[in-house]
Structures are given as C-alpha cells and as structure tokens.
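Just below is one structure, and these are the notes that go with it.
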Amino acid sequence: MSDIIQLLPDHVANQIAAGEVVQRPASIVKELLENSIDAEATKIELIIRDAGKNLIQVVDDGKGMSETDARMAFERHATSKIRGTEDIFKIATKGFRGEALASIAAVSQVELKTKQKNAEVGTNIYIEGGVFQFQDPVQTADGCNFLVKNLFYNVPARRKFLKNNNVEFRHVIDEFQRVALAHENLEFSLFHDDEAVFRLRKGSQMQRIVDIFGRKLQPLLIPIKEDIIWCKLHGFVAKPEGAKKTRGEQFLFVNGRYFKSPYFNKAVQEAFEGLLLPGYVPSFFLFLNLDPEKIDVNIHPQKTEVKFEDEHLIFALLRSTIKRSLGIYNVAPSLDFERDPELDSMMNSSPSKSNGSGGMLKMPEIIVDKDYNPFLEEREVAQAEIQNLTEMYHQNINITAEPSKINLFEEEDFDEDLMRLPNGYWLFNQGDRTLMLDLGRMHRLVVAENSKSTKKTNNHSHSLLFSLEYHMNEIEHVKYKSFKKYLPGLGFETTTAHGNVLRIDAVPEGMKETQVIKFLENLFEILEYKTEEEFMQHYQNQWGKMNSKSRFDFIYKADAEQLIKDFTALGYPEFLPTGKRCFYEVPFNDFKNKF
C-alpha cells in the first residue's frame, strides 16, 4: 500500500492557520493595531473602505523595520516578542505568536512600506495570496504603513459568509474601541470611506471614554481605584441609571489587553445587587494591572481569554471595591470603617464650640416631647367618622321603602357588555364568552394595519418651540446615517451638528416632547437595518408601544368601543407578531364550580 500522509504546501498551511486568526476584517484591524502599539507608536491611523473588505490600512510612527525584518515578518512563527519558552509565561506585549501577518497575507493582497528612524530609505514589500511578489527600496515616512486589500479574494467561500457593510464595520469599531480605551496616551484616528469617524487625542482615561461614547456618559461615571501589593485596579462604573438591557459598554482589561470574562462580569453585577431592575446590566470600564507571570494569555488565537492565578481574589476585589465606590458617591449605603469613633463621641459630648474670636458658642438645644403621638388625633377622627357612618346606616334602614329620596351611590350609565377594570384592563361580553382585553396591544395591531394600507405612519409633523439635542456616540452616528433617509417621511426634521449632536426640530404628530429622546434611543437599540421594511417594522413596534403606554392610561368608553370595532374588522386576532396576547377568555365556568 502506498503512503498517504504528506506535508501540506506552505500556502495551504497558511490558509488553514488564517481560518483561526482572520475571521473577518475586524480581526485584521486588531492584529495591525496591536503591532503598532508594540512598535512604540504614538500616533496611529486606521483607514477602512467598504467595511474593510476592500481596504484596511494602518499607518503608525513607530520604530519601523529593517529590510530583513520586513521580509521575515511575513514568515510563520517569526516574531520579535519572545525568544524562549520562559518568555511565554511573562508576556508583556500584545502579540507573540508570529502568525498574524503570515495568516493575513495568505488570504489577501498585502503591501508594506516601512522605514526605521535612522535609515535613509525604507522598504516596500508586496505579497499576494501568501506568495512573495517583490521587495524594493522606497522613500517613505518613519514607521510602518500596512495596506491589506481585497480580503478573501482567493477564498470566495469565506468572502461569501461576510456580513453586510454595516455589521462588519460595527465589528471594526468594536476592535478599535477596545484598543483605544486601553491606550489613552496615544493618538488614534479612524476613517471610513474617506470620512472621519474618530479623532482621539491624548488625554486622561475619562476623556478617552467620553470621546468614544459621548458626553452623555460623563456625569454617570463613578471612579474606581484600589492599589494593593499584588494587584492594581482602576477605571469607572456607570451609575444605575446608565444600565442597559443589552450588554453594551462592558470592558475589562488586564495589563492593557482587552479580555472577556463572564466570571468577573458577575462580580460587577453582584456589586450592583439591589440597585438595578431585573434584566439590566451595568456599564463599566475596568483596568487590572498584574504581574505577567500571574496570568496566561496563550489560551486562544484571538487572545481574548485570559487565565488568572488568583481569580477568586480578583473577583472579591472587584465586588468590594465597586461596592465601596457606590457607597462613597451615595449610590448605595456604605459603612465607613476608617471613621474614628472617638471623634464622633467627642463631637456628640462637646457642649460648645469655639467661634472665630475666641469666644464659646453654645450648641443649640432641641426640646423633644417624648409623650407626643401623631396617631392619637388620627384615631380620634377615624372613630368619629365610624360613629357618623353607623348613625347614617341605622337611619337609612327605616327609609328603604322610599329609595328615591336618598341616593348614596350614583349609578353610572354604561353598557353591560363593556366594563373597565381597576387594573387598566377591560371586560367585554362577546356572545357567550367574556374576554379580558388589553386595549394597548389591540391598538398596536390596528395602527400597524392602517399603516400598511396607507404605506406611511405619520407624515404630519409639528415643530418644536425649542429644538432638542441628542448626543450620539460614534456607533449611534453610524446607525443614524443608515436610516436618516426614512425620517422626513415619518414626520421628523433632524440635522447633525458638530460633535455628533443630533438636533431635532420637528417630530411626528402625536409624539410628546418628553418621549422623543427615549424613542430615538429605542431606534438605536437595533444593531443594523438591512432594508426599509426592517426599519419600518421596528419603528411601528416602538410607536405602538409608546402610544399604548401614554394613550391608554385613560380612555373614554366611546373610544374603547370604536377600537373594539376596528379590532373586530381585523378578524379579532388573539396574538401580536411578538407572541403576546391581545385578550384572554375569562373562565367563568371554573368560578361557578368554586361556589
């Protein structure tokens, strides 16, 4: 029998390795940005076209590479970060595997221009599909200029599975934010299709967070800081009013490296115990500094999983430090263990204090009536009212033969088939059935059906006396550009100002001014809108919810009857598209059995 095991060619092995390292354009962004940081760059520019499918360019002012290093950098397992096995257990750099550039070059067309600071000329290298094409001297700026073009051009199956540009660019922004948050002392820029998305200057950690996520987050942030011998913790958590139902601004870093840890997320969640509504998660930006020998980042090719030697201690540190900070800033009760009890006793026992002129100021005395009981008067009034009602009852017993002369209860003139319940629901007798109705949900179906027939929801708008401003972060700005073309037809008049400020001048008729900002936040919750139908479906859903909550807190009976008629014309559907019930049949036969 002939031998069947053979060595794979290098370009095939590189494509297989690329499947782990390069999953989408965002993976390349992460690797190139981290290489620039390891090269001690102070200014990094990221240029994207078509969400990274056609071009990913990273320009930095780092150390640069020599002619030999530039060629060696694209070989598998070639790295300047480690030298031996012992270095793996004390990694202080972002990269260390030596696989990233070889994997990227295997599935794209890569061009590198690099120059060291003391060199007269630089080097230009071009690699296509993992195959070296040429290397020439070139005049270029100090540092590196990486261009990755036509990702997965030689692997059509992989390119076909990439999502649309909105989704892929969202992932690019995620990776950019993670790197930029951990290095506030560096300048970062991001350009997408020749449009500036981020221009981040050097500054404090707070300034970097605000520059990325917007000014509306700043007043919600609470500083976190703890410095002990084996670990340093600093960062920020948002107040409970900044919590969200979706996992948004939740960032954990160790030694400047972003990582994911459901275990540590639980520590933060426990610190907010009793402060958040069910289903809400807090926002946080937390940075750990540990001895590199105490952690292991060589777990996964994406390097987002980290093993800790003392993870239970770090869990306790996160929970206790955040709890204490919430107490200090009066978000949660706190016990001050550092307060001197002797000082309190001295202050309480001191009968006087010294004034500015050396005299003694007598402390004011408070006179308390220990026998005072505020409930005695109320009890006397209540007893008197009970006595009066009792007398009225005995008087009325004797005149029941003439009910027209006294009317203790005014009867409401209402149709027996429809009655409102105290909890906001309505009872409706439909033939031999009695239904409990949710008018809000019924109204949402009626509105949705009307909008289908007219092809529009609210083309009438009313101008606001004073324009409203909504401070968008960069992610919201990207989403806004994807659906802003639909807003004028719905009744919105909006403009964008400097600093990603969305100015709202007019809103659809029927929308209250106090509802506008919350309504826009709900529109921004969706990651992307692929089609106009998807946007309109979500818009209708949010519009129905808003009207249901505001309109049906109080409704006249005539309006309820008209709504039931409109709902009956739809065929009396029992469920919303989301699966929630519009009505429920009351089991009166079961009630009879209980009697």
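The values are calculated or read from the model by the stated rules, or taken from the named source; none is laboratory data. These numbers were taken from a predicted model, which means no experiment stands behind them. Quick reminder, even Gly has a Cβ in these numbers, built from the backbone with ideal geometry, and neighbours come from all protein chains shown. We work out accessible area using only protein heavy atoms, side chains counted, and drop any ligands, DNA or RNA first. Shrake-Rupley method; radii C 1.70, N 1.55, O 1.52, S 1.80 Å.
Report the FRET efficiency, 1/(1 + (r/R0)^6), for Arg215 and Leu465, where r is their Cβ-Cβ distance and R0 is 25 Å, rounded to 0.05. Working shown, then result.
Working: r = 24 Å, r/R0 = 0.96.
It comes to 0.55.
I need the phi-derived Karplus couplings for the range 227-235: 6.51 cos²θ - 1.76 cosθ + 1.60, θ = phi - 60°, integer Hz, Gly and Pro marked x.
Result, rounded to whole Hz: 10, 10, 4, 9, 7, 10, 10, 8, x.
Just to be sure I follow the rule: in the range 131-236, considering lysines 8 or more places apart or on different chains, how many pairs have Cα atoms under 23 Å apart?
Numbers: Lys149/Lys160; Lys149/Lys163; Lys202/Lys216; Lys202/Lys225; Lys202/Lys232; Lys216/Lys225.
Lysine pairs meeting both conditions in the range 131-236 amount to 6.
Suppose the chain between Asn185 and Glu513 were pulled fully straight at 0.36 nm per residue; how much longer would it get relative to their current alpha carbon spacing?
114.0 nm is the gain from fully extending Asn185 to Glu513.
Where does the Debye-calculated log10 I(q)/I(0) of the range 153-237 sit at q = 0.18 Å⁻¹, using only Cα point scatterers of equal weight, no solvent?
Ignoring solvent entirely, the Cα scatterers give -0.89.
Give me a comma-separated list of calculated 3J(HN,Hα) values for the range 46-61, in order, Karplus coefficients 6.51, -1.76, 1.60 applied at θ = phi - 60°, integers in Hz, x for any Gly or Pro.
Listing the rounded values in order: 10, 10, 10, 10, 6, 6, x, 5, 9, 7, 10, 10, 10, 10, 9, 10 Hz.
Can you classify the range 171-316 as rounded, prolate or oblate using the Cα gyration tensor, where a ≥ b ≥ c are the square roots of its eigenvalues, rounded means a/c under 1.5, and otherwise it's prolate if a/b beats b/c and oblate if not?
oblate
List, in the order given, every pair from Lys245/Lys565; Lys30/Lys53; Lys245/Lys580; Lys266/Lys303 whose Cα-Cα distance in the structure shown is over 25 Å.
Beyond 25 Å: Lys245/Lys565.
How large is ³J(HN,Hα), in whole Hz, for each residue of the range 126-131 in order, when computed from phi with the Karplus curve 6.51 cos²θ - 1.76 cosθ + 1.60 and θ = phi - 60°, using x for Gly and Pro?
Karplus-based 3J(HN,Hα) across the range 126-131 equals 10, 10, 10, x, x, 9 Hz.
If you count only protein heavy atoms and use a 1.4 Å probe, how large is the accessible surface of Arg158, to the nearest 10 Å²?
70 Å²
If I compute solvent accessible area with a 1.4 Å probe over the protein chains, what percent of it on the range 165-271 is carbon and sulfur?
Taking all protein chains in place, the range 165-271 shows 48 percent carbon and sulfur surface.
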